[in-house]
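As structure tokens, the structure follows; a few thoughts come after it.
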Amino acid sequence: GPSPTPTDTPAASPTPIPTSTPPPFDEISVIISEVISPGDLLRETLVILNKGAGTTLRDWKLEGSSLGVFIFPDIFLFSGGSIRVHTAAGENSPSDLYLNQGEAAWPPGTTIILNDANNSEISRYSVP
């Protein structure tokens, strides 16, 4: 007998599965990675890590502390670099900033928000 003629059914195109891609090279990706010894003034240190392009932190802000808002000086954070923000007093350097506070800034339970110079939220961290 005659063979059935194939009908042109379009093949269902697979839905692309979004893959996790690293951010574009020029994208700002700065995170608060940890707080060391929260609540202990002399050792309390907040660590900021840059996972994206190098950027200046000038006029960026750390909010959430009962002691107030901390504003960054003109400091450059290289790609892959980190800056340690010490609550106690000390001498600022390219890798270490000192807030010169008399009490701990980030006790457990604090939610810290890192905002850029335009007040856009860059990172949020809850101290365990």
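The values are calculated or read from the model by the stated rules, or taken from the named source; none is laboratory data. What you see is a predicted model; the values in this text were computed from it and never measured. With ideal geometry, Cβ positions are generated from the backbone for all residues, glycine too; neighbour counts draw on all protein chains shown. Keep in mind that these areas ignore ligands, DNA and RNA; they rest on the heavy atoms of the full protein, side chains included. Shrake-Rupley method; radii C 1.70, N 1.55, O 1.52, S 1.80 Å.
Between beta-carbons, use under 10 Å as the cut-off and find the net charge around Y98, counting Lys and Arg +1, Asp and Glu -1.
On the way: positive: R84; negative: E91, D96.
Taking every other residue near Y98 into account, the sum is -1.
Given +1 on the Cβ of Lys and Arg, -1 on the Cβ of Asp and Glu, and no further charges, what dipole in debye does region 18-128 carry about its Cα centre, rounded to the nearest 20? Each step should come with its number before you reach the end.
Numbers: 6 positive and 13 negative charges, 30 e Å.
For region 18-128, the charge dipole is close to 140 debye.
Suppose every K and R has +1 on its Cβ and every D and E has -1 on its Cβ; what is the size of the dipole of region 74-128 about the Cα centre, in Debye to the nearest 20? Kindly include the intermediate steps, with their values, before the conclusion.
Working: 2 positive and 6 negative charges, 36 e Å.
Using Cβ point charges on Lys, Arg, Asp and Glu, region 74-128 gives about 180 debye.
Checking the a/c ratio against 1.5 first, then a/b against b/c, what shape does the Cα gyration tensor give for region 64-128? Walk me through the intermediate numbers first.
Values: a/c = 1.63, a/b = 1.11, b/c = 1.47.
Cα axes put region 64-128 in the oblate bin.
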## Note on the structure
Packing-ranked peptide list from 108-115, 48-55, highest mean Cβ count within 10 angstrom first, is 48-55, 108-115
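Compute the FRET efficiency between S93 and S37 as 1/(1 + (r/R0)^6), taking r as their Cβ-Cβ distance and R0 = 22 Å, and round to the nearest 0.05. If you can, show how the numbers build up before the last one.
Working: r = 20 Å, r/R0 = 0.90.
The formula returns an efficiency of 0.65 here.
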#### Entry: Area accessible to solvent at R124, 1.4 Å probe radius, in Å²
140
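Below 14 angstrom from the Cβ of R124, what's the summed charge of the other residues (Lys, Arg +1; Asp, Glu -1)?
On the way: positive: K61; negative: E34, E63, D116, E121.
Summing Lys/Arg as +1 and Asp/Glu as -1 gives -3.
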## Note on the structure
For F70 the rounded accessible area (nearest 10 Å², probe 1.4 Å, non-protein molecules ignored) is 20
### Task
Take the Cβ-Cβ distance between E103 and S29 as r, set R0 to 30 Å, and report the resulting FRET efficiency rounded to the nearest 0.05.
0.45
### Query
Between E103 and residues 5 or more places away or on another chain, which pairs have amide H atoms under 5 Å apart, with H built 1.01 Å from N, and which residues are they?
none
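Probe radius 1.4 Å, ligands and nucleic acids left out: which of T56, T45 has the largest accessible area, and how do the rest follow?
T56, T45
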